[in-house]
Amino acid sequence: KITLLVLVLSCSISSFSQDVFDVGIREIEIFFSEPNWDDTLDVYYANDNGQRLIADSVLIDGIADQNVGIKYKGNSSYNINNVKNPLNIKLDYVNNGQSIDGYNVLKLSNGFKDPTLVREVLSYEIAREYMPSSKATYANVYINGNWNGLYTCIQSVDDDFTNEHFYERKGPFFKADNTNITISGCPPGPLGILNYYPDTNCYKRAYEIQSTDDWTQLGNFLDTLNNHFTDIETVMDIDRTLWMMAFENLTVCLDGPINAIPHNFYLFKDNNGRFSPILWDMNQAFGTFTNGLPSPVTNQSLQELDVFYGSTNNQNSLTSKIFSSEQYKRMYVAHMRTIINEYFSNNQYYNRAVQLQQLIDASVAADPNLFFPYVTFQSNINSTIGNNIGLTELMDARVSYLQSIPEFTAIPPTVSVLNSSSVLPYSTINITADVQNSNYVYLGYRYKFADKFEKIQMFDDGNHGDGIAGDGVYGATISVDA
C-alpha cells in the first residue's frame, strides 16, 4: 500500500477517543485508609519527588482497581488551601499491568481558570483532528464517599500515547518544564524555548527526561534547530510542528511553547529520527493565560494577537527559527486557515461548547467546590468574567481580524488530484494534479503509517503532467518498491 499527499493543502489526522475517554461524565471513587490523606498529599507535593499515597481502591464507573497511587499535580492550579486540587491517578503504581481500558494513568484537572469548564476538553477535541493530542472527558470525583466536584479527565502523554501516535514506545522522550535545578557553568537568565546549550547538563534545568537517560539526543536536535536550520527536516517533523503552532496561536493558548517559557509541552523522537512537540495542559486555552504579553493586556490584545507571535523573540527558538522560513510561514497560515474553516467560521466550536455545557450542567450546578459562581458558567461562553475573556468574544473577533490581514486575504492554492488509479507493486506511477495559484508543488508519499513522507517536487513542464507546459497540471513519477 502507498499513501500519497500533495502538499499545498494539508490533510488532517483524526484519532478517536474510546472507552474511559469517551466524552461523558465518569464516576471516580477514591478510598484512602489514611484519615489525613489531604495533608499527606500536600506534603508529597511539596517534597516534589514523585511520591504517591496509596489508595486502597479506586472505582471508575464501578470497576475496581486496588492499591492505586495518587498524587496532586499542577502548578498554579494547585493550592494547599484548595479543597479541589488536580489529581494524578496511577493505576499500576503497585500492581503492574493494572489499567482501565488499557490506560494506567488518569490526570484530573480542576478548572481553576475556566468558568465555562469546556476550554480543556474542547481544545483537545479540536487539536486531535490535526495532531497527536490527548483524549479528554469529564469525571465526578468522590474521596472517601465525599463528592469533591467535577473534573476534566485527561489522557497522560506517556509511552502508551507515543505508541498510539508514533508507533514507538522507547524513543527519546522529554517534558519541557522549569525544574528549578541549578547547574554550575550553565548560562544564567531565562531558559528559553528549544534553545541550544553545548553542555547537555544544562538541559536538566528546562526538561525532565521521560526515557533512557541520554541527553545527547536532545542536544543534537537542538544544535540542528539553532545552528544548522537548513537540515531541520532531518531531525524534526515540521508539518506536525506547524499544526501545533497554528492551533495554539489561533486559540491564543499562550501557556505553551509559542510563548516565552519552556513549559507545557513534550518532545518525542520517532523511528524516523525526528522530534515532534506535543502540546499539553490546555486548561488555559482561549485567552486565559496572558503572561508574556505587553501590559496592559486587553481583550483586543488577545483578539489581534500577531499571527507570527514570537517571530522576533530570540529566547524562543521554535518561533524565531520556524518563522524565518517563508515556506514554513505559508504552510503555517494554510494550516490555520484549515482549522478556521472547519471549526470557527462555521461556529462548530461554539456549537460543541454548548453541547459540552449541556452535558455537565447538572454537575456544575451542584458542584460544592467551584472556583467561579455557577452564573458565570454559561455567561463566560460569550462575555468576559474577571480576567477570562468569553470564548465567542475572543474567537469571533479573532477570526475576523485574521481574515482581514494580507496573509489570509491572498487567494490560496487549489488542488484537484487528476488520477487515482490503483498502484501495483514493483511498478512506477505518474501522479498528476491540477494546482492553481501556486508556483511550487511537491508530492509526499509513504508506504506505511510509521514512515515519514518522502517528498519529491512536481513539475508543470509538459513532461511530467498532461504534456502541456504552464497550464497548472503538475506531475511526478514515483517507483513502488513493494
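The values are calculated or read from the model by the stated rules, or taken from the named source; none is laboratory data. Everything quoted here is computed from the prediction, not taken from an experiment. Positions of Cβ are backbone-derived with ideal geometry, glycine not excepted, and every protein chain shown enters the neighbour counts. These accessible areas exclude ligands, DNA and RNA; they are computed on the full protein's heavy atoms, side chains included. Shrake-Rupley method; radii C 1.70, N 1.55, O 1.52, S 1.80 Å.
Screening segment 121-214 for strands (runs of 3 or more DSSP E) wholly inside it with 1 or more residues that are among the acidic types (Asp, Glu) returns the ranges 207-209.
Counting only residues that are free of Cβ contacts under 8 Å to residues at least 12 places away in the same chain, within 24 Å of THR288 (Cα to Cα) and of a type in the set (A, V, I, L, M, F, W, C), segment 375-417 holds 1 of them. Which members of segment 48-103 meet the condition of being of a type in the set (Asp, Glu) and within 20 Å of GLN155 (Cβ to Cβ)? Passing the criteria: ASP61, ASP65, ASP92, ASP101. Comparison of VAL118, VAL83 shows that the only residue that is over 18 Å from ASP177 (Cβ atoms), modelled with pLDDT of 95 or more and open to solvent by 10 Å² or more (accessible area, probe 1.4 Å) is VAL83.
Does at least one position in segment 419-436 carry a residue that is aromatic (Phe, Trp, Tyr) and in a loop (DSSP other than H, G, I, E, B)? Yes, some residue in segment 419-436 is aromatic (Phe, Trp, Tyr) and in a loop (DSSP other than H, G, I, E, B). Just one of the numbered conditions (1) at negative phi; (2) surrounded by fewer than 24 Cβ atoms within 10 Å (Cβ to Cβ) is not true of GLY273: (1). For THR251, the conditions (1) over 26 Å from PRO294 (Cβ atoms); (2) of a type in the set (Ser, Thr, Tyr); (3) touching a residue at least 12 places away in the same chain (Cβ under 8 Å) all hold with the exception of (1). In a residue-by-residue description of segment 355-376, the property of being in a helix (DSSP H, G or I), closer than 16 Å to ARG119 by Cα and of a type in the set (D, E, K, R) applies to at least one position.
Residues in segment 426-468 that are of a type in the set (A, V, I, L, M, F, W, C) and open to solvent by 70 Å² or more (accessible area, probe 1.4 Å) were compared, and the one that is farthest from ARG274 (Cα to Cα) is ILE468.
The one condition from (1) surrounded by fewer than 21 Cβ atoms within 10 Å (Cβ to Cβ); (2) touching a residue at least 12 places away in the same chain (Cβ under 8 Å); (3) over 23 Å from GLN284 (Cα atoms) that ARG169 does not meet is (2). Of the candidates SER57, SER99, the single residue that is more than 30 Å from GLY390 (Cβ to Cβ), open to solvent by 10 Å² or more (accessible area, probe 1.4 Å), of a type in the set (Ser, Thr, Tyr) and touching a strand residue (DSSP E or B) at 6+ places or on another chain (Cβ under 6 Å) is SER57. Every condition in (1) assigned to a helix (DSSP H, G or I); (2) open to solvent by less than 10 Å² (accessible area, probe 1.4 Å); (3) not aliphatic (A, V, I, L, M) holds for GLN300 except the one numbered (2). In this structure, ILE89 does satisfy being open to solvent by less than 10 Å² (accessible area, probe 1.4 Å), more than 30 Å from ASN346 (Cβ to Cβ), touching a Leu at 6+ places or on another chain (Cβ under 9 Å) and assigned to a strand (DSSP E or B). Could you tell me whether segment 240-252 includes any residue that is open to solvent by 10 Å² or more (accessible area, probe 1.4 Å) and in a helix (DSSP H, G or I)? Yes: segment 240-252 contains one or more residues that are open to solvent by 10 Å² or more (accessible area, probe 1.4 Å) and in a helix (DSSP H, G or I).
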